[in-house]
1. Residue by residue through the range B:106-119, what is 3J(HN,Hα) from phi via Karplus (6.51 cos²θ - 1.76 cosθ + 1.60, θ = phi - 60°)? Round to whole Hz and write x for glycine and proline.
2. Could you tell me how far the Cα centroid of the range A:94-121 sits from the Cα centroid of the range A:157-178, in Å?
3. Taking the Cα centre of the range A:96-247 as the origin, how large is its charge dipole in debye, to the nearest 20, when only Lys and Arg (+1) and Asp and Glu (-1) carry charge on their Cβ atoms?
4. Once both labels are modelled 7 Å past Cα along the beta-carbon direction, what's the B:Ala16-A:Ile176 spacing in nm?
5. Evaluate the charge dipole of the protein assembly as shown about its Cα centre and quote only its size in Debye, nearest 20, assuming +1 on the Cβ of each Lys and Arg and -1 on the Cβ of each Asp and Glu.
6. Using alpha carbons only, how many degrees (0 to 90, rounded to 10) separate the axis of helix B:293-304 from the longest principal axis of chain B?
7. Is there a pair in A:Lys285/B:Lys340; B:Lys136/B:Lys196; B:Lys173/B:Lys197; A:Lys115/B:Lys173 whose C-alpha atoms are over 32 Å apart, and which pairs would that be?
8. Please figure out what share of the DSSP beta bridges in the range A:1-126 is antiparallel and state it in percent, rounded to the nearest 5.
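FYI, it's all coordinate maths here, none of it is from the lab. Quantities reported herein were computed from a predicted structural model and do not represent experimental measurements. Note that we place each Cβ from the backbone using ideal geometry, even for glycine, and neighbour counts take in every protein chain shown.
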Amino acid sequence: MKGFLGIDVGSVSTNIVFIDENKQVIEKEYTFTHGRVLSALKQSLNAVMERLPADLEILGTGVTGSAAELARSIVNADLYKTEIYSHARATVHEFPDVRTIFEIGGQDSKVIYIKDGVPIRSRMNEWCGAGTGSMLDAQSSRLGVPIGELGALAVQSTKVIDFRTRCGVFIESCAIDAQARGYSVAEIAAGLCNACAKNFINTLNIDRKKLETPIVFQGGVAANIGVKQALERYIEEGGGVKCNLLIPKHYNVMGALGIALAVRDAYAREPWESSGFRGMEVINKIETCIVDANTCGEKVQNRSNRYGDILQLTIGNQVIATL
Amino acid sequence: MTDFYEFKTTIQPIPAGKPTLGWFCTYTPVEILYAAGFETYGIRKSSGAETEDVYLGRPLCPYIHSIFGGALASRYSMLEGVVIAHSCECLRRLYDGWRQLGSQVTPAFCHLLDVPTVNTPSAVDYFEKNLQQLVKTLERQFDRKVTDEALHEAITLFNHTRSLLQRLYELRKHDHPPVTGSQVMEILDMAMTTDKKEFNRRFEPFLTRLENQESSDATRSRKQRLMVFGSVFNPEIIKFLEQDDIGGIVVCEDACNGMRFFDTVVEPTGNPLKSLSSGYLGKAPCPRMAGELGVDYLLDLISQYRIDGLIYYIPKYCENLYLEFPYVSEKLDDLGVPYKRLEGEISGDLNKIELKSFIEMIELKKEMADFQ
């Protein structure tokens, strides 16, 4: 089997998608990064490879996500694109007439506006993570509710508490105040989902009146039905359309799918002889270490023209890449 | 381009001990300072001492914190004083802080110059009176005499600097700009912070060589032509966008640390203060000015420099830029010019993913590649 690997290393999860030459998703993997890019990447690559047939031929690999630079060196990827591009690419593939994309991930949130199948404008949360999965993560573990159940719990509540704040830390204070006043966990959960949705819309300055449908909602938080319903309600309250947010089949690995599709396109346009992919045998042996350039005796310049700490990828004593 | 580096090494900072006055806003008629016997030093970059400022409130822009922190940390000890133009509320509060903390800041002398926000005959008269006041203050404070003759001489000198820089920007309209945006930022920095006569003398032959040479780097024509719009923006933006693997070239900066420094010509004859007043108020209107003219000017630049994409950079808490954005973005939408709004500091790290994805979008728009 021939195909393409898409790798998205994000703050919270490391995602891998393998597609065949006909853009069909053959395998996907969603693993928590837990702060360890190298081991998460090895683990999820191995998991995907094990499930793929033995006659596998990787024609190309692509990387995206916040740790894309590191991941690119580890696998020696053929293509790098930003998360915004990758998410848009995957969504347009699944919903060709999409006009708006909401993406809520671990610490990132983005809105991408699409026209004629091409992204025309985007916005990311630059300074505030209150409208992202990390806020929900922190609060659900405080409530002792598994994050996967928070949304279902929230929609059971008939009352939605309006936490009047735009800060993730102060939301906790509000939630504690609510529990002290006797609200149930479900009601608090509904309040949290509502706060996430409102923060998302406000942080990204989304003009609800001008939103165009279809709107696709993706990223890890799209699994949360509470946030989905809160977004729909909040859009309508703000004078926007009454809409049903569409959730893609592969909602939590859209970045990886998008970059896999982008590699496939690049390959189809101008095929290369062989992919730079190092192969699992090599990748499994790679270690990383941070070297302080100032203690090396001489200044070492890395790829992004910065001086300071440099990262070396090594196999045994051999340095295979510096960045 | 080794020539650029050669040119760079010929430009020296103002020698220590030469009396110098600092300025912040491009609505400051620096000719007056020069005519009073001072070199002029434009403070347009981060002092690196932002955190020293624990006095002014947080909701002021990072440029102000950088200046005030720098003044508290003696980063401007080479200056005899500063002239603060009341061009926005943040600068006005900087003046308050400067006066309030007097003995703790260096240099101690500062003068507040009020600048009208409209360009009408009565505003020109009013601004001229403020300039007379500035002259009087300088004469009294430093025991000098500012003559009309010296003012005329200064106007001619600065007009020359401005015309050289305008010629430089003409070159950036070409398909293959002979200079990168990063190089232009360095040239502007030199023009604002070094001895003007020396700068003009050294820069003119370099500029002439640039004008006569065929493009040195044809690959520049394949890059996305970008413009930065803002007040004082983070120069790291340009460095990042012009990296080889990003694929942009910055060809215009409509910003306080960009072309607003030289976008006027002052009448070199007649009543010099009147000429300065009408010359400076007649500058291309920046977001601090009232009215719609600024947007027309921006749209004109976009077509002249054939801009593929615009970075709208807002230093955090810069109200003028926040409030101008909905209006500007609407016009850009009408025109179909891609833009990216970014907020941030005036130095240091950037949201690189936003910038890179913006270039990707411009490329996509151009190719209209089969995206499905």
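1. Couplings: 10, x, 6, 6, 8, 10, 9, 10, 7, 10, x, 9, 10, 10 Hz.
2. 28
3. With only Lys, Arg, Asp and Glu charged at Cβ, the dipole is about 320 debye.
4. About 5.5 nm, to one decimal.
5. Around 820 debye, computed over the protein assembly as shown.
6. 50
7. A:Lys285/B:Lys340
8. 75
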